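K.L.:
Pasting a structure below so you can have a look.
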Amino acid sequence: MKIDGRHYRSLWWNATADVLEIIDQRWLPHELRIQPVATLQDFADAIREMRVRGAPLIGATAAYGMARAMADDPSDQALDAAHRFLSDTRPTAVNLRWALDRCRDALRPLPPDRRAAAALELAHAIAEEDVEINRRIGEHGLKLIRDIAARKPAGEPVRILTHCNAGWIATVDWGTATSPIYQAHDAGIALHVWVDETRPRNQGALTAWELGSHGVPHAYVVDNAGGHLMQHGLVDMVIVGTDRTTRRGDVCNKIGTYLKALAARDNGVPFYVALPSPTIDWTVADGVAEIPIEERAAAEVTHVQGRAADGRVASVQVTPRGTGAANPAFDVTPARLVTALITERGICPATPEGLAGLFPELARAAE
Ligand code: MRU
């Protein structure tokens, strides 16, 4: 998508310097910093420290990390070690494991001297696939937005609430939850997006930055505003992303998503999840019991980062000194609260049959 009129992806390969270039998301929305990721350690740090973040982008970055590892040492031992090293960076988004498994399984049968080139080609393919998956999610989601727009008085915007950042910056391009929004806006449908702040790391500010760059009308709201907005008929639909969706349709996403789903159910607001197929974990049924939830540093809760009056990006403490904090980064929304899943192959109910109906070959392979 575009920043100041220029098209960007959230990562790209610099063949001359033999490095991956990323937009360092720790500085957004205040500063656009492009950073090279060169060594295997850099790749792990970029994922763990959330310079790159968002389930699909983590997966694509990890694939380039495997390419780096194979260029350094294409042995079997190095392949397994890189897989383990990168898997250990973040536990919840399943795209990480999906991409690493896919790379290991494709590279293992090859002679070592062919692995480096094949790994780089595979990383490019994973990145391109992500773009196409998200574009298609947008096409399917657009139909839902169009239907709501058709039922509203002419000129009244469709009001969409979203949580976290499931935007182009969380993927290679388009975003998942934002892809239908961008496509609806480009199709001339009037929209108004409620952007949840998404404490503690304020990924909503990334969403606001993206929407603003694309000209989509929006307002930034605190995380606790959603229920109130829904009670007053100010939300027509919720669309969120997902970090891992189980084979029965339970959705693990950024902390606070579950509360939005409860409020949506109580107020008869449809709750949609934009779901790329690599985010389905076919090995897991019960999301609450089985998905590992990342616990991040307390400092993310006790401090907030923003732009200070002198223009510098600064971090300030919001709690009394010595106050402890807990920081579970994700929660699970049970399938029963999800109106439908928007995938690259179409829209389905959040049920085992719904997912297996759209992805029969993946469901069978996991049996
Ligand atoms: O901790 P983050 O910022 O990586 O979490 C990201 C999210 O929870 C997104 O909503 C999710 O990955 C869907 S992104 C397309």
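The values are calculated or read from the model by the stated rules, or taken from the named source; none is laboratory data. Not measured: the values here are computed from a predicted model. Backbone-built Cβ (ideal geometry, glycine too); neighbour counts: all protein chains shown. Protein only, heavy atoms only, side chains kept; ligands, DNA and RNA dropped before computing areas. Shrake-Rupley method; radii C 1.70, N 1.55, O 1.52, S 1.80 Å.
K.L.:
Spin-label point model (7 Å from Cα, Cβ direction): what's the Glu49 to Asp266 distance in nm?
P.N.:
Once both label points are built, they end up 4.1 nm from each other.
K.L.:
Carbon and sulfur atoms: what percent of the 1.4 Å accessible area of the range 2-129 do they account for?
P.N.:
Answer for the range 2-129: carbon and sulfur cover 51 percent of the accessible area.
K.L.:
In whole Å, what is the distance between the alpha-carbon centres of the range 296-332 and the range 126-182?
P.N.:
Rounded to whole Å, the Cα centres lie 30 Å apart.
K.L.:
Measuring with a 1.4 Å probe in the full set of protein chains, what accessible area per residue, in whole Å², belongs to the chain?
P.N.:
I get 41 Å² per residue for the chain.
K.L.:
Which ³J(HN,Hα) values in Hz, rounded to whole numbers, follow from the phi angles of the range 72-77 under the Karplus curve 6.51 cos²θ - 1.76 cosθ + 1.60, where θ = phi - 60° and Gly and Pro get x?
P.N.:
Once θ is set to phi - 60°, the couplings for the range 72-77 become 6, 7, x, 6, 4, 4 Hz.
K.L.:
May I ask you to evaluate 6.51 cos²θ - 1.76 cosθ + 1.60, the Karplus curve with θ = phi - 60°, for each residue of the range 35-46 and list the ³J(HN,Hα) values in order in whole Hz, giving x for glycine and proline?
P.N.:
3J(HN,Hα) across the range 35-46, in whole Hz: 9, x, 10, 10, 9, 4, 4, 4, 4, 4, 5, 4.
K.L.:
Expressed as a whole percentage, what fraction of the accessible surface of the range 137-365 belongs to carbon and sulfur atoms when a 1.4 Å probe is rolled over the protein heavy atoms?
P.N.:
Carbon and sulfur: 55 percent of the exposed surface of the range 137-365.
K.L.:
If you don't mind, another one. Taking only DSSP H segments of four or more residues, each worth -39500 (n - 2.57), what value at 222 nm results for the chain once the sum is divided by all its residues, to the nearest 500 deg cm²/dmol?
P.N.:
After summing the helix terms and dividing by the residues of the chain, the value is -12500 deg cm²/dmol.
K.L.:
Now, a different point. What percent does the relative contact order of the range 1-142 come to when contacts are Cα pairs within less than 8 Å and at least six residues apart?
P.N.:
Once normalised by length, the contact order is 20 percent.
K.L.:
Helix 112-151 versus the longest principal axis of the chain: what angle, 0 to 90°, nearest 10, using Cα atoms?
P.N.:
Between helix and principal axis, roughly 10 degrees.
K.L.:
Per q in 0.09 1/Å, what log10 I(q)/I(0) does a Debye calculation on the alpha-carbon atoms of the chain return?
P.N.:
Here the Debye-derived log intensity ratios amount to -0.49.
K.L.:
So, in nm, how far is label Glu121 from label Lys143 when the simple model puts each one 7 Å beyond its Cα toward the Cβ?
P.N.:
Result for the modelled spin labels: 3.6 nm.
K.L.:
Which residues' amide hydrogens lie under 5 Å from the amide hydrogen of Arg33, considering only partners 5 or more residues apart or on another chain, with H built in the peptide plane?
P.N.:
Here Asp24 satisfy the definition.
K.L.:
So, one more: So if each residue of separation counts as 0.36 nm, and I subtract the Cα-Cα distance between Arg336 and Asp73, what length gain in nm does that give?
P.N.:
90.0 nm
K.L.:
Here's a follow-up. Say each of Ala289 and Ala106 gets a label point 7 Å from the Cα, pointing the same way as Cα to Cβ; how far apart are those two points in nm?
P.N.:
Taking the two extended label points, one gets 3.5 nm.
K.L.:
If you don't mind, another one. In percent, what relative contact order does the chain have, based on Cα pairs under 8 Å that are 6 or more apart in sequence?
P.N.:
That works out to 15 percent.
K.L.:
Using protein chains only and a probe of 1.4 angstrom, how many square angstrom of Arg312 are accessible, to the nearest 10?
P.N.:
Result for Arg312: roughly 150 Å² accessible.
K.L.:
Still on this structure, please answer the following. Working from Cα positions, state the angle (0 to 90°, nearest 10) between the long axis of helix 94-107 and the longest principal axis of the chain.
P.N.:
It is inclined by approximately 30 degrees.
K.L.:
Further question: With the radius of gyration and the Kirkwood radius both derived from the Cα set of the range 2-129, what is their ratio Rg to Rh?
P.N.:
Taking Rg over the Kirkwood Rh, I get 0.97.
K.L.:
If you don't mind, another one. Students often get this wrong: which residues of the range 237-273 have the backbone nitrogen under 11 Å from the point 7 angstrom along Cα-to-C-beta of Lys152?
P.N.:
Inside the label zone: 237.
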